[in-house]
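Below is one structure, written out as structure tokens; comments come after it.
The values are calculated or read from the model by the stated rules, or taken from the named source; none is laboratory data. Just so it is clear, the structure is predicted and the values come from calculations on it, not from any experiment. Every residue, glycine as well, gets a Cβ built from its backbone with ideal geometry; the counts of neighbours run over all protein chains shown. Note: accessible area is taken over every heavy atom of the protein model, side chains too, but ligands, DNA and RNA are not part of it. Shrake-Rupley method; radii C 1.70, N 1.55, O 1.52, S 1.80 Å.
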Amino acid sequence: MRNLDELLAEGVKGRRVLVRADLNTPISYKPNDASRVTDDGRIRASLPTIEALRAAGAKVVICAHLGRPKGAPDPEFSLAPVARRLAELLKAPVAFAADTVGPDAQKVVSNLADGDVALIENVRFDARETSKDEKERAAFATELAALADVYVDDAFGAVHRAHASVYDVTRLVPSYAGYLVAREVQVLSSIVTDPARPFVVVLGGAKVSDKLAVISSLLPRVDKLLVGGGMCFTFLAAQGLSVGKSLLEEDMIDTCRTLLQDAGDKIVLPSDVVISDKIHHHAEGDVVPVADIPSDQMGLDIGPETVKTFATEIAQAKSLFWNGPMGVFEYAPFANGTRGVAEAIAACDGFTIVGGGDSAAAVRALNVEESAFDHISTGGGASLEFVEGKTLPGLSALDS
Ligand code: ADP
Ligand code: MG
């Protein structure tokens, strides 16, 4: 994989560099240019590559997606507020193109001076970006490539997708990995190939079915797999416990039972949970042993005894990967499990990785010190698929 330093060594002064960035940030939408970015973590993570290119005199043309618009322009998914926030962070103007590859994008790009930055509108406003038809994607990639001389992929959060702006475009212009992608690959590779032991994985989040593949792939390689979140209830059901109204994937119970049998003592499940009959901000949140979940209640967080057990395992880890919150952390009565686990991971002396997505959002929302983790991935799905050992289209495209 060729990286940005190699490109900078070749020289980029005056060259148009198309940077695919991951700027998929939460936006509070208001009409008339009043929308605001509510969490700029991903924009900040994109700065090193953009700043290095500017400093080297490139004409920086950034493209990105935001949310899931339906293949057509939609003001709610406009990157305009991202352009404003990016300009603040760069302390430099960002020329915003109101279309993606149309006349405005072409004009904005042709007006760039060396070291200037432009952001073109959401690539997903064009249905060809995510099309299953290779020819359609190739046609869109050709129009994107026409805006640039060189391509840099810095959108780790999108490398698991074979989309035009992360995959097809690499066939048309010389392509390089940006700093963010290079760092993600380096860090995540270390726990895939040769993790320091004990290697502990903490998994949570909503659905087991989303994470089954990663569980089966990790089991032979991990020393401990701590399971919390909504997904733990299917495992508890597989042990014969009744889980009341908790999240349960009935058709996964057999698979979970097999995983538990294969795992020996590697999989650690909660011993107590926080229950409620409603998800709301002022819920009582009683704690019960997992064997005593009432039939009319939901398990919405791991309990304090489980947090202690998990924290003890976490403290011994020499390397650790965490994906998925331990409870419905968005509501204070159910946030303690996620906070407790996040704090235990932050205090762990081993090499600690937070696997993006909602776990990274939880770290920020619960005000756990971000610098206490060795790495917070910017890609949820991408980091999970990488750790699972899958080939990611956007990365293999940079290799060939
Ligand atoms: P990630 O993005 O980190 O991979 P997921 O998207 O799989 O995680 O799941 C995150 C969601 O899981 C959060 O919105 C959280 O509220 C929810 N969740 C966690 N625990 C539970 C639970 N016990 N019951 C229902 N939902 C849960
Ligand atoms: Mg998620």
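Here are some notes:
- Short-range pairs are left out: with C-alpha atoms under 8 Å and at least six residues apart, the relative contact order of the stretch 188-388 is 23 percent.
- Against the main long axis of the alpha-carbon atoms of the chain, helix 80-90 sits at an angle near 80°.
- Two-site label geometry, residue 190 and residue 209: point separation in nm, points 7 Å out along Cα→Cβ: 3.6 nm
- Percentage relative contact order, the chain, counting C-alpha pairs under 8 Å, at least six apart: 15 percent
- Degrees between helix 134-145 axis and first principal axis of the chain (Cα, 0 to 90, nearest 10): 60 degrees
- Per-atom-type breakdown for the chain gives carbon and sulfur 50% of the accessible area (1.4 Å probe, protein chains only).
- Solvent-accessible surface of the stretch 4-181, taken per residue with a 1.4 Å probe and all protein chains present: 41 Å².
- Applying a DSSP loop filter and a limit of 13 other Cβ atoms within 10 Å to the trypsin sites (Lys or Arg not before Pro) in the stretch 4-105 leaves 13, 70, 91.
- Nearby lysines by direct alpha-carbon distance to residue 132 (threshold 30 angstrom, same-chain neighbours under 8 apart not counted): 70, 107, 207, 211, 390
- Dividing the summed -39500 (n - 2.57) terms of all DSSP H runs of n ≥ 4 by the residue count of the chain sets its mean residue ellipticity at 222 nm at -11000 deg cm²/dmol.
- Highest to lowest packing among 105-118, 306-319, scored as the average C-beta count within 10 Å: 306-319, 105-118
- Placing unit charges on each Cβ (+1 for Lys and Arg, -1 for Asp and Glu) gives the chain a dipole about its Cα centre, and among 377, 103, 359 the Cα reaching farthest toward its positive end belongs to 103.
- Computed from point charges on the beta carbon alone (+1 for Lys and Arg, -1 for Asp and Glu), the dipole magnitude for the chain about its Cα centre is near 900 Debye.
- Look at the dipole of the chain built from charges on Cβ: of 195, 117, 280, the Cα furthest out on the positive end belongs to 117.
- 1.4 Å probe accessible area per residue over the stretch 296-400, in Å²: 37 Å²
- Gaussian network model of the chain, Cα within-10 Å springs - most flexible of 383, 217, 359: 217
- Degrees separating the helix 179-193 axis from the principal Cα axis of the chain, which is the longest one: 30 degrees
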